[in-house]
Amino acid sequence: MKPLSVLRDAWFFSSHNLLAIARLTLPLLLLEAIAQTILAAQLGEGANPAYGVLLGILFYPLYAAPLILFLHARSIGQTPGNAQLFAAGLQLWPTFALMTGLSTLAIMLGLSLFIVPGIWIMMRLAFSELILVLRQEPPLRALQASFTLTEGRFWPVFTCLANVLVPLWLLDWWTQPSQSDTLLWVLHQTGNGFLQLFAIVVLFRLFMLLEPQQAANSDNSD
């Protein structure tokens with residue numbers, strides 16, 4: 001398993017399914033950006049950033065779960081409609097939102113402890129969303145399963161995610177418009193959110209490679 005191969009495969013899939021992914025996720029990403037703008041206007045300057053994080057936790061499962069289901073469906077040769085994907089994703093929203101809140105809290109706590117623990121937690125929880133959606137596991141079990149799956153695989157996961165997220169975070173920082181320019185800010189947030197969804201595609205590809213290895217290791221240990 002080479003990170004470069006994982007990134008190449010994820011890019012190939014994304015580039016060939018770009019329009020389908022955009023139709024599936026962009027409407028909700030745009031709605032989330034508008035909601036963030038309204039929230040910021042209501043709370044005013046100096047508002048607690050936790051409100052924005054909470055809003056993101058509420059919105060994120062609405063497009064992340066359908067995207068994961070779309071990736072799985074395409075990997076087995078199926079082409080479900082967006083309505084079917086949204087309906088299935090909506091059923092997962094309560095548990096997905098709860099797990100997103102728990103993992104966000106754990107990562108933020110880790111980042112407050114000199115950053116490195118937060119990065120370590122982020123990598124170890126990287127597959128929790130995929131496990132919750134694809135295996136239908138409850139939140140705590142999905143978090144635990146991600147820890148198990150990433151045991152001894154920190155660096156491949158870190159390399160894949162760092163190569164995707166670090167350039168996108170730098171691009172976001174460099175191109176961040178003033179929030180007073182509402183239209184430009186909403187478009188920027190929507191576009192940046194869409195680009196960061198590539199991380200889910202990368203993780204899905206990595207998950208598809210690691211899960212059979214874990215199953216084989218479990219069979220050998222029995």
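The values are calculated or read from the model by the stated rules, or taken from the named source; none is laboratory data. Since this is a predicted model, take the numbers as computed values, not measurements. A quick note on method: Cβ atoms are made from the backbone with ideal geometry, for glycine too, and the neighbour counts reach across all protein chains shown. The accessibility values were calculated without ligands, DNA or RNA, using every heavy atom of the protein model including side chains. Shrake-Rupley method; radii C 1.70, N 1.55, O 1.52, S 1.80 Å.
Just one of the listed residues (Pro177, Pro117, Pro139, Pro156) is of a type outside the set (A, V, I, L, M) and under 16 Å from the mean Cα position of the chain (by Cα), namely Pro139.
Look at the range 125-144: where a residue is touching a residue at least 40 places away in the same chain (Cβ under 8 Å) and a partner is of a type in the set (Phe, Trp, Tyr), sitting 6+ places away or on another chain with Cβ atoms under 7 Å, you get Phe127/Phe207; Leu130/Phe204; Leu130/Phe207; Leu132/Phe96. Checking each residue in the range 110-157 for being in a helix (DSSP H, G or I) and among the basic types (Lys, Arg) picks out Arg124, Arg135, Arg141. Tallying residues that are open to solvent by less than 90 Å² (accessible area, probe 1.4 Å) and either touching a residue at least 60 places away in the same chain (Cβ under 8 Å) or β-branched (Val, Ile, Thr) (or both) within the range 75-85 yields 2. Against the numbered list (1) farther than 28 Å from Ala35 by Cβ; (2) in contact (Cβ under 8 Å) with a residue 40 or more places away in the chain; (3) not acidic (Asp, Glu), Trp120 comes up short only at (2). Somewhere in the range 95-113, is a residue among the small types (Gly, Ala, Ser) and touching a residue at least 60 places away in the same chain (Cβ under 8 Å)? No: zero hits. Criterion applied to Val186, Val157, Val164, Val202 was being touching a Phe, Trp or Tyr at 6+ places or on another chain (Cβ under 7 Å) and hydrophobic (A, V, I, L, M, F, W, C), and the one residue passing it is Val164. Scan the range 166-208 for residues that are more than 20 Å from Ala22 (Cα to Cα), in contact (Cβ under 8 Å) with a residue 12 or more places away in the chain and outside any helix (DSSP H, G or I) and the total you get is 2.
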